[in-house]
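Following: one structure in structure tokens, then a few remarks.
Values quoted throughout were computed directly from the atomic coordinates according to the rules given, and no laboratory measurement underlies them. Keep in mind that what you see is a predicted model, and the values were worked out from it rather than measured. Cβ sites come from the backbone with ideal geometry, for glycine too, and all protein chains shown count toward neighbours.
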Amino acid sequence: MAHVIDIQGIHRIFETGAGFNHVLRGVSLTVEKGELLAIMGPSGSGKSTLMNILGLLDTPTSGTYKLEGLDVSTLSDDDLSFVRGRRIGFVFQSFNLLPRASVLRNVLLPLAYGDVPSREREPRAVAALTAVDLAPDHWDHKTNELSGGQMQRVAIARALVCDPAIILADEPTGNLDSATGEQVLQTFERLRERGKTIVLITHDASVAARADRTVHILDGKIQQGAFVGAGTVGGTLAPHAGTSAPAAVPDFAATPVPPASTAPAPHATVPHHVPEV
Ligand SMILES: Nc1ncnc2c1ncn2[C@@H]1O[C@H](COP(=O)(O)OP(=O)(O)OP(=O)(O)O)[C@@H](O)[C@H]1O
Ligand SMILES: [Mg+2]
């Protein structure tokens, strides 16, 4: 089966008032279904830049990206939004919840922009909140009444509610103490057991140690041969505990990626030669 994520030779050069900033310098990486991958690296090394590309929030200056076998450079902007909304869930360090809205409303929100019939929305939100193990007596609380660990689990439920194939988490435990960070890690581990693919940026080696594999980025390049966590860069994956969902929770079945549009590729203007800057 095709890799869930397959990027080859990705470069990202930002053009700023001060000149060119060559941030990603030939990043190649594959991620398998059900893998929990950690990305580590110093501040400014390009981790979030890479995550934005993986999340279809940004396009590379050059290089290829196949998401579930689909060359995303062939997609129109509308198709990119469609794929992003259906196949990718985002979790951020600062949670990014609506503070005065209830937990349930925060999780329902992404469904309002999709084509999920209204009668199916609440059961899906309930299933997502159940999957992250947030007790029902919290569901009508405002999110600013929750602990950090609870807020992050609401954010994971919100990422999960559209049933993405991939969850991209940028320092999801960065604002949490170790006990609440542990709850969040256990939530990711449960989702991995249910077949979700998770890419997680962290500065914390003990978080990375829980991943199947860790890649290190330095100055916009993946460092080869580093060894952290349960796997090595490019190495074999640790076995997973299982793939079945708890009986009480509806499973988030995979939905197919839409066919590629024939619209002009957003990458059409990508230069063939990446300037050295
Ligand atoms: N939109 C942009 N325009 C110009 N430069 C950018 C842009 N986004 C990121 N950069 C630059 O890219 C470099 C890498 O930034 P990035 O956010 O990917 O780092 P990071 O590894 O995530 O760091 P941190 O650990 O601090 O979050 C930085 O020098 C940053 O200034
Ligand atoms: Mg970052």
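Across the stretch 159-170, computed HN-Hα scalar couplings (Karplus, 6.51 cos²θ - 1.76 cosθ + 1.60, θ = phi - 60°) run 5, 8, 5, 8, 6, x, 7, 10, 10, 10, 10, 9 Hz from first to last residue, x flagging Gly and Pro. Along Cα→Cβ, 7 Å out, is where each label goes; now give me the distance between the ones at ASP58 and LEU218 in nm to one decimal. For the pair ASP58/LEU218, the computed spacing is 2.2 nm.
Straight-distance candidates among the lysines for linking to LYS221, with alpha-carbon spacing under 28 Å and chain neighbours fewer than 8 residues away dropped: LYS33, LYS47, LYS66, LYS196. Under 5 Å from the amide H of ILE167 lie the amide H atoms of GLY89, THR197, ILE198, VAL199, each residue being 5 or more positions distant or on a separate chain, with H modelled from the backbone and absent for Pro and chain starts. Please give, to one decimal in nm, the separation of the simple spin-label points placed at GLN8 and SER178, each 7 Å out from Cα toward the Cβ. Taking the two extended label points, one gets 4.3 nm.
Annotation for SER94 and ASN21: the two label points, set 7 Å from Cα along the Cα-Cβ direction, are 1.7 nm apart.
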